[in-house]
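Notes for the one structure printed next.
The values are calculated or read from the model by the stated rules, or taken from the named source; none is laboratory data. Only a predicted model underlies this, so the values are computations on that prediction, with no experimental measurement involved. Neighbour counts are summed over all protein chains in view; Cβ atoms, including those assigned to glycine, are modelled from backbone coordinates with ideal geometry. What goes into the accessible areas is simple: the full protein's heavy atoms, side chains included, and nothing from ligands, DNA or RNA. Shrake-Rupley method; radii C 1.70, N 1.55, O 1.52, S 1.80 Å.
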Amino acid sequence: MKNKIAKQYVLLILLFCSSGTYGQLHFTANIQTNHLWRGIEVADGMVITSDISYNLLNGCVNLGFWGGTNTQGSYKEFNNHVSFHYKGFSLALWDTYNFSPGAAYNNKEFFNYKAHSTGRFLDAIATYHCGKSFPLSLSWSTIIFGRDRNETNTANKYSTFCYMEYPVFRQDKWQVDASVGGTFALNQAGSPANFYGDTSGIVHISLKTTYELTIATYSLPIYICTVWNPQANRAFLQIGAQVFSF
């Protein structure tokens, strides 16, 4: 398994180093007041995230690396991702590795792909964008491998997150997006608990307002996002900006 994974990393590096004739390189950087993900506050404090990706075949294939950290040093994450796009459909695989110092799981072996002891998880995501006339986005995400295990660490839970998002307001440089997401485990043998909570239910309701700030010729999207998690009885507020993009 380790040799197979190592070959995949080499392939990614070679593709990143390929001639621009075959694809296009993209880089983004964001700063935000915390890191929210599917109704969970993964990290608080000032968080910096970045993504570098390489598009192939006229954007049909995308390969990239995503990273995040906070200013306190208590949150550190590095992910690999690959996605395939055709018209309104996309299929993505995220290899997520959160190696924060205070993690309660294996956070010291990046190349550990053993189901019983790995600190990472693989998230398979299918998404459909309905189109400009009805800009609804729908997605289905299932954790297919990693630290999403049952209480006895003998089987995967296959925790699943279903999500939909719709822009409820657009005018000039303003946009407001509303979204809702629910979760359940495909394998509930022994317990209904899943990666996101103690039972199935709605874990994410949000309103996000974005303003496209323009300074000279530079575009700086800034946003404020409110997230409610009814299942966990929690709510979060996030303010952020995309400070760099090419």
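Odds and ends about this structure:
- Under 5 Å between amide hydrogens, built in the peptide plane, is the criterion, and for ALA185 it picks out THR160 among residues at least 5 positions away or on other chains.
- Taking amide H as placed 1.01 Å from N in the peptide plane, the amide H of PHE145 sits under 5 Å from that of LEU122, each at least 5 places away or on another chain.
- In the full protein context, the chain carries 55 Å² of accessible surface per residue, based on a 1.4 Å probe and ignoring ligands, DNA and RNA.
- Point-to-point label distance, PHE246-ALA178, nm (Cα→Cβ direction, 7 Å offset): 4.0 nm
- Coil-residue trypsin sites (Lys or Arg not before Pro) of region 153-208, DSSP, other Cβ within 10 Å capped at 12: LYS173
- The figure for HIS26 is an accessible area of roughly 50 square angstrom, using a 1.4 Å probe on the protein chains alone.
- Neighbourhood net charge (12 Å Cβ-Cβ; Lys/Arg +1, Asp/Glu -1) for PHE65: -3
- Net charge dipole, the chain: roughly 500 debye, given to the nearest 20, about the Cα centre with Cβ charges of +1 for Lys and Arg and -1 for Asp and Glu.
- Computed from backbone phi, the HN-Hα couplings of region 209-224 come to 10, 10, 10, 8, 6, 10, 10, 6, 9, 9, 9, 10, x, 10, 8, 10 Hz, rounded to whole numbers (Karplus: 6.51 cos²θ - 1.76 cosθ + 1.60, θ = phi - 60°; Gly and Pro given as x).
- Amide hydrogen neighbours beyond the local backbone of VAL243, cut-off 5 Å, H modeled: ALA29, ASN30, ILE31
- For the listed residue pairs LYS108/LYS208; LYS76/LYS173; LYS76/LYS114; LYS132/LYS173, the alpha carbons are over 25 angstrom apart in LYS108/LYS208; LYS76/LYS173.
- Residues THR154 and ILE239, FRET efficiency given R0 of 30 Å [Cβ-Cβ distance, rounded to 0.05]: 0.10
- Put the Cα centre of region 102-170 next to the Cα centre of region 181-205 and the gap is 12 Å.
- Estimated purely from DSSP H runs of n ≥ 4, each contributing -39500 (n - 2.57), the mean residue ellipticity at 222 nm for the chain is -2000 deg cm²/dmol once divided by its residues.
- Using only the C-alpha atoms, the convex hull of the chain corresponds to 143 Å³ per residue.
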